[in-house]
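Enquirer: Here it is, the structure in full.
The values are calculated or read from the model by the stated rules, or taken from the named source; none is laboratory data. Since the model is a prediction, treat every value here as computed from it, not as a measurement. Note: ideal-geometry Cβ built from the backbone for every residue, glycine included; neighbour counts use all protein chains shown.
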Amino acid sequence: MVSKDTYQAPTKTPNRWAVLNSPDYDQDFIGTLLIDLTKMYEWSSNHAVNTWTSHTPSQQAKEYFPKWIKDIEPNNSGTTLLDHNQREFLKAYDLDFIQRGWFKFWCPTCLTWHTEIFETTKDKEHIGKTSKWTNEWFCPKNHLLVSKKQSIRIIAR
Ligand SMILES: [Zn+2]
């Protein structure tokens, strides 16, 4: 019997590219971000050891991930969907993966994949103890791919 608190690891070896985020998952996204799983073995092995979460299925997903991506054929160019627990631990690192060059971004205006994008910050404001800003990512032809509203509340004692 499998309880709902147990991670059900995928059984099939994935394709090279995985959908990290898209408008289907997150309304901040206009483009679709794929990450290159063939580059992620070392990162994901270290990540499983160096971060620990008490939420068991997500920790299990993290620990299983390097095993899952280890045997991808080098000439594979297909796309894979991540499961919920995999996306949960990976999606916060989207900009890291972009900065490392382990990605391609679909621009729905250009109708093409880009391997380079630009990031800007706008609408910075401070209201009381809260800082707010908007983080925007663009394709090389200046089409908006992502618009994330961010905020941090500073708690002073
Ligand atoms: Zn574009």
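Enquirer: If we scan region 132-146, do we find a residue that is surrounded by fewer than 14 Cβ atoms within 10 Å (Cβ to Cβ) and either in contact with a Cys (Cβ under 8 Å, 6 or more places away or on another chain) or among the aromatic types (Phe, Trp, Tyr) (or both)?
Expert: yes
Enquirer: Which of the residues spanning region 20-49 are in a strand (DSSP E or B) and not hydrophobic (A, V, I, L, M, F, W, C)?
Expert: Passing the criteria: ASN21, THR32, ASP36.
Enquirer: I've got another one for you. Determine, yes or no, whether GLY78 is away from the ligand (no atom under 16 Å from the Cβ), out of contact with any helix residue (DSSP H, G or I) (no Cβ under 9 Å at 6 or more places or on another chain) and at pLDDT 95 or above. Even if it seems obvious, please write down each step before you answer.
Expert: Details: away from the ligand (no atom under 16 Å from the Cβ): yes; out of contact with any helix residue (DSSP H, G or I) (no Cβ under 9 Å at 6 or more places or on another chain): yes; at pLDDT 95 or above: yes.
So GLY78 fits the description; yes.
Enquirer: For region 100-140, which residues satisfy the criterion of being within 30 Å of LYS67 (Cα to Cα), more than 16 Å from the ligand (Cβ to nearest atom) and either at pLDDT below 95 or among the charged types (D, E, K, R) (or both)?
Expert: Passing the criteria: only ARG100.
Enquirer: Looking only at region 141-157, filter to residues that are under 22 Å from the mean Cα position of the chain (by Cα) and more than 18 Å from LEU95 (Cβ to Cβ); which one of those is farthest from the ligand (Cβ to nearest atom)?
Expert: Across region 141-157, the extreme among qualifying residues is ASN142.
Enquirer: Then there is this: Look through region 74-93, keep the residues that are in contact (Cβ under 8 Å) with a residue 40 or more places away in the chain and not polar (S, T, N, Q), and return whichever of them is nearest to TRP17 (Cα to Cα).
Expert: GLY78
Enquirer: Only one of LYS124, LYS104 is charged (D, E, K, R), loosely packed, with under 13 Cβ neighbours inside 10 Å and part of a strand (DSSP E or B); which?
Expert: Sole residue among the options that is charged (D, E, K, R), loosely packed, with under 13 Cβ neighbours inside 10 Å and part of a strand (DSSP E or B): LYS124.
Enquirer: Taking the residues in region 14-43 that are over 13 Å from the mean Cα position of the chain (by Cα) and hydrophobic (A, V, I, L, M, F, W, C) as candidates, determine which candidate is farthest from PRO74 (Cα to Cα).
Expert: Ranking the qualifying residues of region 14-43, first place goes to ILE30.
Enquirer: For THR56, work out the one condition from (1) within 16 Å of the ligand (Cβ to nearest atom); (2) surrounded by fewer than 16 Cβ atoms within 10 Å (Cβ to Cβ) it doesn't fulfil.
Expert: That leaves (1) as the condition not met.
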